[in-house]
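Below is one structure; the comments refer to it alone.
Where a number appears in this text, it was derived from the coordinates with a stated rule and is not lab data. Quick caveat, the model's predicted, so the values are computed rather than measured. Every residue, glycine among them, receives a Cβ derived from its backbone with ideal geometry; neighbour counts consider all protein chains shown.
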Amino acid sequence: GQNIDQPTEMTATEGAIVQINCTYQTSGFNGLFWYQQHAGEAPTFLSYNVLDGLEEKGRFSSFLSRSKGYSYLLLKELQMKDSASYLCAVRNNQGGKLIFGQGTELSVKP
Amino acid sequence: GAVVSQHPSRVICKSGTSVKIECRSLDFQATTMFWYRQFPKQSLMLMATSNEGSKATYEQGVEKDKFLINHASLTLSTLTVTSAHPEDSSFYICSATGIAGGNTDTQYFGPGTRLTVL
């Protein structure tokens with residue numbers, strides 16, 4: 001089976017750095033995605049990791065360790081608009097399906 | 001690039017009626033489209049995977065006769081909720097993968113359709 005775990009909620013301060021962790025168990029791993037979703041809107045793509053290591057894209061970075069079944073999303077220089085749900089999703093090698101975690105609701109405070 | 005649209009964005013219907021939701025890839029050819037459902041405060045649950053020109057593959061527990069999916073072209077997939085009931089009220093989101101800026105790995109999501117069944 002497949003299982004993805006991430007914290008339900010996190011709170012951080014504007015201008016700070018926050019790390020959102022995701023652990024997963026899956027057969028046939030074929031990539032891990034992070035999406036941002038604001039309430040009532042569709043998810044928007046943030047990052048993709050298929051090999052171990054860190055992928056950096058502006059204020060957002062994502063890390064993957066396949067041997068540990070672990071990823072994190074790092075958000076720097078937090079802004080109020082970063083308050084959203086962050087979804088970790090794992091793709092398997094069966095038709096490219098994405099299995100989503102329950103999402104981490106991030107609240108950025110002034 | 002990689003824009004996916006959905007129509008309508010919001011629909012309210014009476015119980016027992018059918019509702020059709022369209023999902024279009026605007027600037028790329030979508031070889032595969034996915035349909036998700038999301039209930040409040042929950043994550044996305046995959047309903048079915050649709051490849052152009054072939055029958056959709058439904059996830060366990062999703063009734064294929066109730067949720068009809070058609071993927072007639074490389075830019076359009078439709079989801080029809082037949083004989084809708086209040087428990088079908090949800091946020092329905094499609095996504096697409098294909099040749100989008102050279103990236104065939106990423107699913108790009110449409111803006112979602114909020115269905116309310118009275």
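Please give me the summed charge of the neighbours of residue B:92: other residues whose Cβ is under 10 Å from its Cβ, Lys and Arg +1, Asp and Glu -1.
+1
Per 10 Å bin, what is the whole-percent P(r) computed from every C-alpha pair distance within chain B?
Per 10 Å bin, starting at 0, the Cα pair percentages come out as 15, 48, 30, 6, 0.
Can you compute the FRET efficiency between residue B:114 and residue A:67 using 1/(1 + (r/R0)^6), with r the Cβ-Cβ distance and R0 = 41 Å? Round to the nearest 0.05.
0.50
Tell me the net charge near residue A:36. Cut-off is 14 Å between Cβ atoms, residue A:36 excluded, with +1 for each Lys or Arg and -1 for each Asp or Glu.
Overall, the nearby charge balance is 0.
Pick from B:65, B:27, B:88: which residue has the top mean-square fluctuation in a GNM of chain B where Cα pairs under 10 Å get a spring?
For chain B, modelled as a Gaussian network with Cα springs under 10 Å, the answer is B:65.
What list of ³J(HN,Hα) couplings, whole Hz, do you get for the stretch B:54-65 from phi and the Karplus terms 6.51, -1.76, 1.60, once you set θ to phi - 60° and write x for glycine and proline?
Per-residue couplings from phi come out as 10, 6, 6, 9, 9, 6, 4, x, 9, 7, 5, 7 Hz.
Report the net charge of residues surrounding residue A:102, where surrounding means a beta-carbon distance below 14 angstrom and charges are Lys +1, Arg +1, Asp -1, Glu -1.
Taking every Cβ under 14 Å from that of residue A:102, the sum is -2.
Spit out the partnerless Cys residues in chain B, using Cβ distances under 4.7 Å as the pairing rule.
B:13 - these cysteines have no disulfide-compatible partner (Cβ-Cβ under 4.7 Å) in chain B.
For the protein assembly as shown, I need the span (max minus min coordinate) of the C-alpha atoms along each principal axis, in Å, sorted largest to smallest.
Result for the protein assembly as shown: principal-axis Cα extents of 49, 35, 35 Å.
Give me D for the stretch A:15-110 in µm² s⁻¹, whole number, from Stokes-Einstein with Rh from the Kirkwood sum over alpha-carbon pairs, 25 °C and 0.890 mPa s.
It comes out at roughly 180 µm²/s.
Once amide H atoms are built 1.01 Å from N in the peptide plane, which residues 5 or more positions from residue A:83, or in another chain, come under 5 Å H to H?
For residue A:83, the qualifying residues are A:108.
Just tell me which lysines come within less than 19 Å, Cα to Cα, of residue A:76; anything on the same chain fewer than 8 places away is out.
Reachable lysines: A:57, A:109.
What is the stretch B:47-118's relative contact order, in percent, from Cα pairs under 8 angstrom and six or more apart in sequence?
23
Could you check which residue among B:106, B:80, B:31 shows the biggest mean-square fluctuation in a GNM of chain B with a 10 Å Cα cutoff?
So, out of B:106, B:80, B:31, the one fluctuating most is B:106.
Within chain B, how many lysine pairs that are 8 or more places apart, or on different chains, have C-alpha atoms less than 19 Å apart?
The result is 6.
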